[in-house]
Amino acid sequence: MFSKSFGRRRFLQTGALFSAGLTASIARTRLVRAADEPVQAVVIGSGFGGAVAALRLGKAGIKTLVIERGRRWSIVDPTNNSTFATYRNPDGRSAWLNPTTVVYDPVPIDIYTGVLERLDENGISVLCGAGVGGGSLVFNGMMYQPPKDLFYRVFPNSIDYDELDQIYFPRVRSIVKLALLPQDILATNYYLSTRTFLKQATVAGLPNRLIDMALDWDVIRQEINGTRVPSAIIAEDWTGLNSGAKNSLDKNYLPQAEKTGNVEILPLHVVTEISEVPGYGYRVTCNQINESGEIVTSKSITCRYLFLAAGSMGTSKLLVKAKVTGTLSKLNNYVGKTWGDNGDNLGSRSGLPKPTNPGQGGTGSGLIEHFNNPLGPISLESYATWNAPDGTLTSLGMVIPEATGTFNYDQATDSVKLNWPANSSKVKKILKTAAYTYNILDRKNTTSTYNPQTQTILGMQQPTFEASTATSPHPLGGAVLGQACDLYGRVIGYQGLYVVDGSLIPGSTACANPAFTIAALAERCMDRIIADIS
Ligand SMILES: Cc1cc2nc3c(=O)[nH]c(=O)nc-3n(C[C@H](O)[C@H](O)[C@H](O)COP(=O)(O)OP(=O)(O)OC[C@H]3O[C@@H](n4cnc5c(N)ncnc54)[C@H](O)[C@@H]3O)c2cc1C
């Protein structure tokens, strides 16, 4: 069993696992000087969708302001833990404006604009990134392109997978710089957990391989040889890697966007409302905050083109509020619907032959693709968990979920809440599907203890598993392609209003982690949108 400090139950429950309108003012380098001064384009959020939009707008010569609620996180000194908080020594930097840490057992911390937010919605908790780079600051870096047949179980046929495969996935791949875990690193003791995961899959007859990662493996070699602070290799992942091993968006898309001279990023600005400015464009109301989350000043910024990229949770909530309160009254009834958790299930197997080194060898890399599971296709990914006891292995499972969630506005609190049918048979099916695969893994990896002198088997040991759907790090949907938006993210009912983030995706990226698909789809949307507006 897990040690007391590991808090296994808590781990599973919280998911601790784990061109019109071009005015002279627009042409200035600093885009926002006074309240209500217009800019040509505003992008809300600087995660995968926002970073792609910013780069493509900047390259097209469109003056763009990226409004981001969180702060910038540049690596201060890669030889020590000076940039991000760690699991082992948490502080306010661990969490977005919360008095305790938000994953693993809660630890009191100072209230700060930290990198990781947990939203406790009705029926599910959701994890999101906050800061310049969005989810790329906290993610494991797994960049998994869904296979074509599974892609079409989720997405409309009118989205051309081959075009994504040949143009947009490669474009993202070349900018973010993806690479497989190199064999020399896999061979180290640090990555024993990955080797064990893959080996057990092979023994169980389950297809397995390594997955593309947005990691700089040379930096991880430096972690191993002691010239950079151990970060990925000791599974310090979800609150940022102090060694700088993550290829987060603040190292690729976003600086490239700023380099065009047309894009400015405004950190520590929280958008509270979006509205139409008839005959012109849109108004974005936001609060500038300090690093403790206190409001410094309120602003309203007017733009011709508005790109929503606040993530599935952020964008859906802004849109639902705008629809209900009438600031964007022409939004259709699909807004706030078709939300899904990507079929996420966080699992842990115990009773494996020791050592497994489960707390080392981050941030993930091993992949099992059990697509012929009779209950539905599932992928399982290995990832390290900093405080897991020896003899365990943790993994993230993803199925194609059948349940859908809906966002609803509550007038009394002027807030929007997600409702997810946690107790429905459709959600329970996620765990049944995962259990089917885990059972094969456990059964086929049963070990025996043998006494060679007496030539007798002393005992059989079969691993066991636990899994949970209580928390998802992969919120998707709320402004879905072909429903609230057209197939290029253009919001139906409006001109110049676009969604370019995970909200576009109908609840699942087909047994894959979503960031790669979100970025590729955003590239595809931006090609069409730039052609429309330039
Ligand atoms: C712990 C964790 C691990 C993950 N690991 C992986 C992985 O390995 N592989 C993978 O593919 N995916 C992973 N994900 C998921 C991935 O991070 C998201 O799918 C992806 O970042 C979503 O991209 P996005 O553009 O939709 O939104 P985000 O990347 O979430 O960006 C939204 C941005 O908008 C900002 N924002 C939100 N609201 C407002 C507002 N009101 N005003 C101003 N700014 C706002 C946020 O701060 C954020 O920067 C992980 C997620 C988490 C939380």
For this session: Kindly provide the set of residues from segment 410-445 that are within 18 Å of Met398 (Cβ to Cβ) and open to solvent by 70 Å² or more (accessible area, probe 1.4 Å), ordered by number.
Result: Lys426, Lys428, Lys432, Tyr436
For this session: Taking Asn157 as meeting all but one of (1) within 14 Å of the ligand (Cβ to nearest atom); (2) under 25 Å from Val480 (Cα atoms), write down the number of the exception.
Result: (1)
Exercise. In contact with a Pro (Cβ under 8 Å, 6 or more places away or on another chain) and at pLDDT below 95, is that true of Phe11?
Worked result: no
Exercise. For segment 52-110, which residues satisfy the criterion of being touching a strand residue (DSSP E or B) at 6+ places or on another chain (Cβ under 9 Å) and among the β-branched types (Val, Ile, Thr)?
Worked result: Ile62, Thr64, Val66, Ile67, Thr100, Thr101, Val102, Val103, Val107, Ile109
Exercise. Hey, among Thr202, Thr227, which residue is at pLDDT 95 or above, assigned to a loop (DSSP other than H, G, I, E, B) and either open to solvent by 60 Å² or more (accessible area, probe 1.4 Å) or closer than 30 Å to Gly114 by Cα (or both)?
Worked result: Thr227
Exercise. Regarding Thr79, is this residue in contact with a Lys or Arg (Cβ under 7 Å, 6 or more places away or on another chain) and of a type outside the set (A, V, I, L, M, F, W, C)?
Worked result: yes
For this session: Test Gly405 against the stated conditions and say whether it is touching a Phe, Trp or Tyr at 6+ places or on another chain (Cβ under 6 Å), within 15 Å of the ligand (Cβ to nearest atom) and of a type outside the set (A, V, I, L, M).
Result: no
Problem set entry | In segment 138-169, the residues that are aliphatic (A, V, I, L, M) and either under 30 Å from Ser94 (Cβ atoms) or modelled with pLDDT under 95 (or both) | Val138, Met142, Met143
For this session: Test Val102 against the stated conditions and say whether it is open to solvent by less than 20 Å² (accessible area, probe 1.4 Å), within 22 Å of Asn419 (Cα to Cα) and among the aliphatic types (A, V, I, L, M).
Result: yes
Exercise. Out of (1) on the phi < 0 side of the Ramachandran plot; (2) in contact with an Asp or Glu (Cβ under 8 Å, 6 or more places away or on another chain), the odd one out for Asn387 is which?
Worked result: (2)
Exercise. Within segment 199-206, is even one residue more than 16 Å from the ligand (Cβ to nearest atom) and closer than 20 Å to Tyr87 by Cα?
Worked result: no
Problem set entry | Selected residue (criterion: farthest from the chain's Cα centre (by Cα)) from residues of segment 73-99 that are surrounded by 15 or more Cβ atoms within 10 Å (Cβ to Cβ) and more than 14 Å from Asp237 (Cα to Cα) | Pro78
Exercise. Hey, among the residues in segment 230-247 that are within 14 Å of Gly141 (Cα to Cα) and of a type outside the set (Gly, Ala, Ser), which one's surrounded by the fewest Cβ atoms within 10 Å (Cβ to Cβ)?
Worked result: Asn247
Exercise. Any residue at all in segment 345-367 that is open to solvent by 10 Å² or more (accessible area, probe 1.4 Å) and under 20 Å from the mean Cα position of the chain (by Cα)?
Worked result: no
Seminar exercise, completed: Result of the Cβ filter at 6 Å on segment 44-61, keeping first residues that are over 13 Å from Gly489 (Cβ atoms) and open to solvent by less than 10 Å² (accessible area, probe 1.4 Å) and partners that are away from the ligand (no atom under 15 Å from the Cβ) and in a helix (DSSP H, G or I), at least 6 apart or interchain, is Leu55/Gln256
Seminar exercise, completed: The strands (runs of 3 or more DSSP E) lying wholly within segment 365-404 that contain at least 3 residues that are hydrophobic (A, V, I, L, M, F, W, C) are 393-399
Problem set entry | Wholly enclosed strands (runs of 3 or more DSSP E) of segment 248-341 bearing at least 2 residues small (Gly, Ala, Ser) and either within 15 Å of the ligand (Cβ to nearest atom) or surrounded by fewer than 21 Cβ atoms within 10 Å (Cβ to Cβ) (or both) | 295-308
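Please determine, by comparing only the residues of segment 178-198 that are part of a loop (DSSP other than H, G, I, E, B) and away from the ligand (no atom under 15 Å from the Cβ), which one is most open to solvent (accessible area, probe 1.4 Å). Talk me through it step by step, then tell me what you get.
Residues of segment 178-198 that are part of a loop (DSSP other than H, G, I, E, B), as a first pass: 178, 180-182, 187-188.
Imposing the further condition that a residue be away from the ligand (no atom under 15 Å from the Cβ) reduces the set to 182, 187-188.
On the way: Pro182: 30, Ala187: 71, Thr188: 33 Å².
The residue in question is Ala187.
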Exercise. From Ala531, Ala522, which residue is away from the ligand (no atom under 16 Å from the Cβ) and either buried (at least 19 other Cβ atoms within 10 Å of the Cβ) or not in a strand (DSSP E or B) (or both)?
Worked result: Ala531
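The values are calculated or read from the model by the stated rules, or taken from the named source; none is laboratory data. Bear in mind the structure is a predicted one, so any value in this text is a computation, not a measurement. In this analysis, Cβ positions are derived from the backbone assuming ideal geometry, glycine residues included, and neighbour counts consider all displayed protein chains. The protein model used for the area step is the full one, side chains on, heavy atoms only, and it has no ligands, DNA or RNA in it. Shrake-Rupley method; radii C 1.70, N 1.55, O 1.52, S 1.80 Å.
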